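Here, each number is a calculation from the coordinates, and none is a lab measurement. Since this is a predicted model, take the numbers as computed values, not measurements. In this analysis, Cβ positions are derived from the backbone assuming ideal geometry, glycine residues included, and neighbour counts consider all displayed protein chains.
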Amino acid sequence: MDVQTLQLKSVAYRKTILEIIKQSGAGHTAGSLSCVDILNVLYNHVMNVSPENFTDPNRDRYIQSKGHSVEALYTVLADKGFYSREALATLNKYQSKFIGHPTRKVYGIEQNTGALGHGLSLAVGTALAAKKDGRSYRVYTLLGDGELAEGSSWEASMTAAHYQLDNLVVIIDRNTLQITGRTEEVNGLEPLEDKFTAFGYAVRHVDGNDITALIDAFGQVPFVPNKPNLILAHTVKGKGISFMEDTAKWHHRVPSDEEFAKAIEELNLAEVKLKAAV
Amino acid sequence: MELVLGKPNQDVFAATLLELAQHDPNILVVTSDSRGSGKLVPFGQTLPDQLIEVGIAEQNLVGVSAGLASAGKKVFAVSPACFLTTRALEQIKNDVAYSNNPVRVVGISAGVSYGALGSTHHSLHDFAALRTVNNIDIMVPADNFETRQAVLAAMHHPRPMYLRFGKRAVYDLHTPDTPFEIGKAIKLREGGDVTFIASGETVAPAVLAAERLAGVGISCRVLSMHTLKPFDTEAVKQAARETHAIITVEEHSICGGLGEACASILMQGGYHVPFNIVGIPDEDTVTGSQAEIFNHYGISAEGLAATAQALLQVEQPS
């Protein structure tokens with residue numbers, strides 16, 4: 001899939017994310033907007049996974065550790081054909097399988113997540129199984145930056161390096177914000193690159209909202225043989241909507257009618273510009 | 001009656017697992033620097049590719065095990081019960097039970113196996129904690145026979161399971177041809193006056209108490225409730241219908257464990273039978289050997305016999 005097509009998909013995904021959150025009356029708006037380009041590239045360009053091969057033991061795996069940004073994942077999986085876009089109208093509704101965090105009840109989702117600090121250990125175990133079985137699949141996991149305060153992520157990192165899991169790709173959605181405010185003010189994370197390098201990862205930086213840059217970064221995996229891969233994806237929380245960008249208050253705020261209309265207008269404009277560029 | 005001392009249940013667990021794993025490379029053991037206390041050193045030496053060490057990190061132990069299980073591995077996650085079911089409770093709840101990754105979570109040196117080491121090393125909460133978690137079964141074998149049967153059953157069990165083993169040698173209670181089924185209590189002794197419903201390493205003292213009581217004309221039924229989930233509700237109801245009093249015995253807090261599970265069945269079933277929960281009371285637990293702690297809290301032939309006699313007097317004040 002070419003870059004322009006993927007860029008247009010990102011715009012469409014952002015619309016869907018806002019529509020389903022607006023319709024549901026709840027959701028993690030800004031975090032979904034920050035990571036959706038990463039999911040776009042993973043599912044449409046990088047990973048060997050589809051509704052047709054989802055039970056194949058050789059498929060690539062994606063585990064979303066920052067489970068609260070599930071609206072981005074539901075949106076991308078619908079577009080991949082795991083279920084219809086219309087099904088997402090039930091998001092967060094009574095007895096809907098589309099709950100506010102990833103669940104295996106939804107076709108296409110690998111693990112139930114939502115409590116932070118769990119995805120990396122799950123991914124390490126899954127990657128280790130590939131090594132044991134001599135399978136070539138890769139395991140991708142997306143962590144929030146605020147999530148890195150959970151010590152379990154660092155326990156898992158030690159194991160990833162110890163078992164030389166170069167089939168593991170850890171992506172940090174480094175938008176620098178968590179629900180309370182700046183990560184560096186809540187409980188400082190930096191120097192993240194040094195920390196991850198010291199824990200045994202091969203680390204790459206990427207603009208996590210730039211499709212071309214993401215394609216390039218994922219294309220270099222494995223970065224270093226026998227080392228787990230870590231991508232520090234520098235993103236903007238609320239990306240794509242001017243008044244949502246880089247503000248903590250949009251962590252799980254639902255847009256008003258006026259805000260929603262303005263956001264869709266901005267996305268329509270972005271779509272027009274992209275098409276004109278093509 | 002003389003009971004014959006067998007091996008520690010966790011020794012039998014490790015030996016059975018090694019035997020099975022030698023024929024099935026898909027069986028993996030994951031340890032948190034716990035292969036020594038889990039008697040898994042021979043396993044690691046014989047099948048080094050089937051033992052995964054994650055160091056002293058119980059949360060990671062369970063999460064990694066869940067990931068391995070999701071890729072089709074038959075995983076036994078082995079760690080002292082005291083750490084495994086507290087520190088990694090969220091991983092057991094979410095990554096194993098909720099995500100339905102059928103890990104066999106194995107708590108070793110359980111209960112007050114590490115009696116002298118203090119409350120940090122006691123697991124007197126694990127039944128209570130895990131009974132409330134949906135989609136994980138709980139097995140607490142009493143002797144070497146039950147241990148081996150539980151491991152064999154766990155191998156083909158489709159759901160997550162918690163297995164709990166102690167580190168002291170235990171008495172053999174069963175003959176090798178005893179029927180064993182997950183969720184089905186084993187009747188070790190028939191009697192009409194009192195039923196002892198016991199789990200794990202408290203079954204032997206219950207058997208010895210029954211023997212002692214027989215000497216004074218009190219006949220006791222003894223049930224080994226080796227599975228706490230799914231629970232053999234019918235065995236409890238039957239005991240209420242057919243015997244005059246029920247005493248539950250467990251190496252666990254009296255809160256939230258076997259005893260309260262039975263109490264719930266009896267109350268909601270409308271059974272009015274003299275009833276006593278014997279276990280570790282809600283207090284700063286006394287320290288010492290497992291046997292000393294059992295004696296201190298009346299989990300002994302003498303203590304349980306006295307409890308039974310007192311309970312029958314309550315029922316028959318004449």
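Within the stretch A:219-236, find all residues whose amide N lies under 19 Å from a label point positioned 7 Å from the Cα of residue A:3 along Cα-to-beta-carbon.
Residues A:219-221, A:233-236 qualify, since their backbone N sits under 19 Å from the label point.
What average number of partner chain Cβ atoms lie no more than 10 Å from the Cβ of the residues making up A:113-119?
The shielding value for this peptide is 4.
At a Förster radius of 60 Å, what calculated FRET efficiency corresponds to the Cβ-Cβ distance of residue A:131 and residue B:309, to the nearest 0.05?
The formula returns an efficiency of 0.50 here.
Between A:64, A:220, A:23, find the one with the highest GNM mean-square fluctuation for chain A; connect C-alpha pairs within less than 10 Å.
So, out of A:64, A:220, A:23, the one fluctuating most is A:220.
Between B:72, B:269, B:55, find the one with the highest GNM mean-square fluctuation for chain B; connect C-alpha pairs within less than 10 Å.
The residue with the greatest mean-square fluctuation here is B:269.
Please order B:258, A:192, B:188, A:165 by the number of other Cβ within 10 Å, starting at the fewest.
A:192, B:188, A:165, B:258
How far, in degrees from 0 to 90, does helix B:144-155 lean away from the longest principal axis of the Cα atoms of chain B, to the nearest 10?
For helix B:144-155, the angle is close to 50 degrees.
When a footprinting reagent is the concern and you count Cβ atoms within 10 Å, what order do A:29, A:235, A:212 take, fewest first? Could the numbers behind the result be given before it?
Working: A:29 25, A:235 28, A:212 12.
Going from least to most buried by this count: A:212, A:29, A:235.
Can you tell which of B:59, B:238, B:149 shows the greatest fluctuation in a Gaussian network model of chain B with Cα springs below 10 Å?
B:238
Tell me, what is the percent relative contact order of the stretch A:54-160, built from C-alpha pairs under 8 Å that lie six or more residues apart?
The value is 35 percent.
Span-like helices, chain A: DSSP H, alpha-carbon axial extent 20 Å or more, mean Kyte-Doolittle 0.0 or greater, which ones?
A:3-24, A:119-133
Considering only the other residues whose Cβ falls under 12 Å of the Cβ of residue B:294, what net charge follows from Lys and Arg at +1 and Asp and Glu at -1?
Result for the neighbourhood of residue B:294: -4.
Restricting to the stretch A:3-276, what percent of DSSP beta bridges are antiparallel, rounded to 5?
Percentage antiparallel, nearest 5: 10.
Post the alpha-carbon centroid distance, the stretch B:33-94 to the stretch B:110-148, in whole angstrom.
When both Cα centres are located, 16 Å separates them.
Could you tell me the center-to-center distance, by alpha carbons, between the stretch A:184-231 and the stretch A:238-254 in angstrom?
Their Cα centres are 24 Å away from one another.
Out of the DSSP beta bridges found with both residues in chain B, what percent are antiparallel (nearest 5)?
20 percent
Ratio of chain A's C-alpha Rg to 2.2 N^0.38 Å, to two decimals?
Compared with the compact-globule rule of thumb, chain A sits at 0.95.
Might you report the magnitude of the Cβ-based charge dipole of chain B about its Cα centre, with Lys and Arg at +1 and Asp and Glu at -1, to the nearest 20 debye?
540 debye
Averaged across the residues of B:268-279, what count of C-beta atoms belonging to other chains lies within 10 Å of each residue's C-beta?
Mean partner-chain Cβ count within 10 Å for B:268-279: 0.
If each of residue B:90 and residue A:56 carries a label point 7 Å out from its Cα toward its Cβ, how far apart are those two points in nm?
So the label points at residue B:90 and residue A:56 sit 3.6 nm apart.
In percent, what relative contact order does the stretch A:3-276 have, based on Cα pairs under 8 Å that are 6 or more apart in sequence?
23 percent
How crowded by other chains is B:67-76, given as the mean number of beta carbons from other chains within 10 Å of each beta carbon?
6
In percent, what relative contact order does chain B have, based on Cα pairs under 8 Å that are 6 or more apart in sequence? Show your work: numbers first, answer last.
Values: 704 pairs, mean separation 53.2, N = 318.
RCO, chain B: 17 percent.
In debye, nearest 20: dipole of the stretch A:147-270 around its Cα centre with unit charges on the Cβ of K, R (+) and D, E (-)? If you can, show how the numbers build up before the last one.
Details: 10 positive and 20 negative charges, 56 e Å.
Dipole of the stretch A:147-270, to the nearest 20 debye: 260 debye.
What do you get for GluC sites (Glu not before Pro) in the stretch A:1-73 restricted to DSSP loop and a cutoff of at most 14 other Cβ within 10 Å of the site's Cβ?
Listed in order of number, the matching sites are A:52.
Rounded to the nearest 0.05, what FRET efficiency do residue A:186 and residue B:181 give with R0 = 45 Å and r taken as the Cβ-Cβ distance? Could you check?
Step by step, r from the Cβ atoms, then E = 0.30.
Return the subset of A:80/A:275; A:97/B:229; A:93/B:93; B:73/B:237; A:105/A:227; A:105/B:187 for which the Cα-Cα distance in this structure is over 31 Å, preserving the input order.
On the way: A:80/A:275 22 Å; A:97/B:229 27 Å; A:93/B:93 24 Å; B:73/B:237 39 Å; A:105/A:227 33 Å; A:105/B:187 40 Å.
Result: B:73/B:237; A:105/A:227; A:105/B:187 exceed 31 Å.
How big is the antiparallel share of DSSP beta bridges in the protein assembly as shown, given as a percent to the nearest 5? Present the calculation step by step, with values, prior to reporting the outcome.
Details: 10 of 67 bridges.
Bridges in the protein assembly as shown are about 15 percent antiparallel.
Long-range amide H contacts for residue B:173: which residues qualify at under 5 Å (H placed 1.01 Å from N, peptide plane, sequence gap of 5 or more or a different chain)?
For residue B:173, whose amide H was placed from the backbone, the distant partners under 5 Å are B:144, B:145.
Kindly put A:242, B:264, A:10, B:113 in sequence by how many other C-beta atoms sit within 10 Å of each C-beta, fewest to most.
A:242, B:264, A:10, B:113
State the volume of the convex hull built on the alpha-carbon positions of chain B, expressed per residue in Å³ and rounded to an integer.
Details: hull volume 38.1 nm³, N = 318.
Taking only Cα atoms, chain B has a hull volume of 120 Å³ per residue.
For the stretch A:9-47 and the stretch A:80-120, what is the separation of their Cα centres, given in Å?
13 Å
Between residue A:104 and residue A:216, what is the label-point separation in nm under the 7 Å Cα-to-beta-carbon projection?
Simple spin-label model gives 3.9 nm for this pair.
Assuming R0 = 35 Å, what is the FRET efficiency of residue A:243 and residue A:198, from their Cβ-Cβ distance, to the nearest 0.05?
After rounding to 0.05, the efficiency reads 0.35.
What does the charge count near residue B:278 come to, summing +1 for each Lys or Arg and -1 for each Asp or Glu among other residues with Cβ under 12 Å from its Cβ?
Neighbourhood net charge equals -2.
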